[in-house]
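Undergrad: One structure coming up, written as C-alpha cells, with questions to follow.
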Amino acid sequence: MDAEVREIAVEDMVKLVEFIASNLVDEPDEVKTNLKEDEETITIELSVAKTDMGKVIGKQGRIAKAIRTVVRAASIKSEKKFLVEIV
C-alpha cells in the first residue's frame with residue numbers, strides 16, 4: 001500500500017507543477033513535464049515555450065523558487081524528496 005500512496009503523491013506533484021505553470025504562461029498547451037527518479041529523489045523537469053520562460057523563472061528566480069517551495073511543502077509526508085528543474 002505504501003508504494004500505491006507514493007505513486008499517487010508523484011502524480012499529484014506533477015499535476016501541481018503543471019497547474020501552477022499553466023496559469024503563469026501565455027501558452028499553457030506548451031507546458032510539459034518529465035519525471036526522473038533515483039533512489040532518494042524525484043525530479044520533475046518542467047518545460048514551457050521559450051517566450052514564457054521568463055514568466056516561469058521570474059525576476060531573480062523568485063517564481064521558480066516559489067514553485068520549488070510549494071512542491072517541497074506539499075511533499076513533506078512523501079518518502080522521497082521532490083525537485084523541480086526548469087528546462
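The values are calculated or read from the model by the stated rules, or taken from the named source; none is laboratory data. Just so it is clear, the structure is predicted and the values come from calculations on it, not from any experiment. Cβ coordinates were reconstructed from backbone atoms using ideal geometry, including for glycine residues, and neighbour counts include every protein chain displayed.
Undergrad: Cβ-Cβ below 7 Å, separation at least six or inter-chain, first residue in segment 42-70 and among the polar types (S, T, N, Q), second in a strand (DSSP E or B): which pairs?
TA: Thr43/Lys36; Thr43/Leu83; Thr43/Glu85; Ser47/Lys32
Undergrad: State the number of residues belonging to segment 16-58 that are modelled with pLDDT of 95 or more, within 10 Å of the chain's Cα centre (by Cα) and assigned to a helix (DSSP H, G or I).
TA: Here the count works out to 5.
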